[in-house]
Amino acid sequence: MIEAILKYNYMQNALMAAILTSLICGIMGTIIVEKRLVSMSGGIAHASFGGIGLGYFLAIEPIIGGLLFATITSVSVGVIQRKTKNNADTIVSMFWSGGMALGIFFVALTPGYPPDMTSYLFGDILAVNQTYIRLMIILTLIILFIILPLFNYWKLYLFDEEYAKIMGVKVILLETVLYVLIALSIVILIKVVGVILSLALLTIPPTIAKLFTYQLKWMMGLSVLFGIIFSLMGLSLSYYVNIPSGATIILVAIGGYFLAVITKIMWHKRKHPKEDVML
């Protein structure tokens with residue numbers, strides 16, 4: 001595949017997309033897992049489909065519509081939850097189904113032949129172009145510039161929100177910013193693994209990393225590493241076998257998770273053989 005990367009622009013774009021998505025999944029995915037925002041992130045991902053459909057209907061770049069819907073959804077969920085005290089899962093489920101319904105509605109209203117939504121639903125990393133790479137770079141830099149300089153504040157917010165309030169940290173502002181960053185992360189992933197599969201790539205690498213460390217910075221670092229490995233392996237398999245890239249990356253990641261669990265169990269048995277005897 002190295003020869004193909006050196007020869008073809010679309011393979012170079014795919015490689016860059018794999019690195020950028022792994023970086024974001026490692027950082028934002030760790031926060032999502034630690035803050036238990038997996039369900040909400042899934043809702044934002046599916047709500048963005050409404051914006052993609054609106055983009056087709058208005059004849060604009062669909063990903064811009066997806067970004068708009070994802071951002072509005074992320075902020076709205078937080079505001080509604082604080083104002084009404086309703087369960088977040090209930091609110092998320094409404095945006096989840098509503099976004100998908102609006103996407104189908106707008107696509108049906110789009111003049112001419114209905115657009116092919118497969119790449120947005122399931123992703124196609126080999127179809128990522130230079131324009132999308134530039135957008136990914138911009139969004140990635142935004143996320144990094146917000147997370148890294150304020151790392152200690154985010155760490156305090158994640159693990160002890162009440163203490164953060166006592167210390168004068170503006171928790172509501174951090175929460176709102178976090179929700180917007182989740183929306184940006186999901187938009188980055190849409191062309192790589194799609195709306196439906198984006199949640200898996202956000203959560204699997206951090207979940208594996210958590211098997212080996214509980215330190216936030218190490219979890220993020222390992223998650224980035226695992227993301228790169230899974231993305232490149234999935235990209236290689238999809239290129240050589242000619243199968244869908246998004247689904248392949250996710251299946252590789254799932255296989256990586258089970259391999260990590262087996263490795264952890266075997267390592268634990270080797271280190272603590274007496275515990276097995278007692279059991």
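For Pro205, only one of the following conditions fails: (1) open to solvent by less than 70 Å² (accessible area, probe 1.4 Å); (2) over 26 Å from Ile64 (Cα atoms); (3) over 16 Å from the mean Cα position of the chain (by Cα). What is its number?
For Pro205, the exception is condition (3).
Return a yes/no flag: does segment 247-267 have any residue that is assigned to a helix (DSSP H, G or I), more than 13 Å from the chain's Cα centre (by Cα) and modelled with pLDDT under 80.
The answer is yes, given that some residue of segment 247-267 is assigned to a helix (DSSP H, G or I), more than 13 Å from the chain's Cα centre (by Cα) and modelled with pLDDT under 80.
Okay, residues lined up against (1) among the β-branched types (Val, Ile, Thr); (2) touching a residue at least 40 places away in the same chain (Cβ under 8 Å); (3) open to solvent by 50 Å² or more (accessible area, probe 1.4 Å); (4) touching a Pro at 6+ places or on another chain (Cβ under 9 Å):
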| position | (1), (2), (3), (4) |
| --- | --- |
| Asp160 | no, no, yes, no |
| Ile172 | yes, yes, yes, no |
| Val180 | yes, yes, no, no |
| Leu184 | no, yes, no, no |
| Val192 | yes, yes, no, no |
| Val195 | yes, yes, no, no |
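Taking interchain pairs and intrachain pairs at least six residues apart, which have beta carbon atoms under 7 angstrom, with the first residue in segment 97-109 and closer than 9 Å to His46 by Cβ and the second buried (at least 18 other Cβ atoms within 10 Å of the Cβ) and among the hydroxyl-bearing types (Ser, Thr, Tyr)?
Listed by first residue and then by second, the contacts come to Gly99/Ser48; Gly99/Thr73.
The values are calculated or read from the model by the stated rules, or taken from the named source; none is laboratory data. Note that the structure is a prediction, hence the values are computed from the model and not measured. A quick note on method: Cβ atoms are made from the backbone with ideal geometry, for glycine too, and the neighbour counts reach across all protein chains shown. SASA here: full protein model, heavy atoms, side chains in, ligands and nucleic acids out. Shrake-Rupley method; radii C 1.70, N 1.55, O 1.52, S 1.80 Å.
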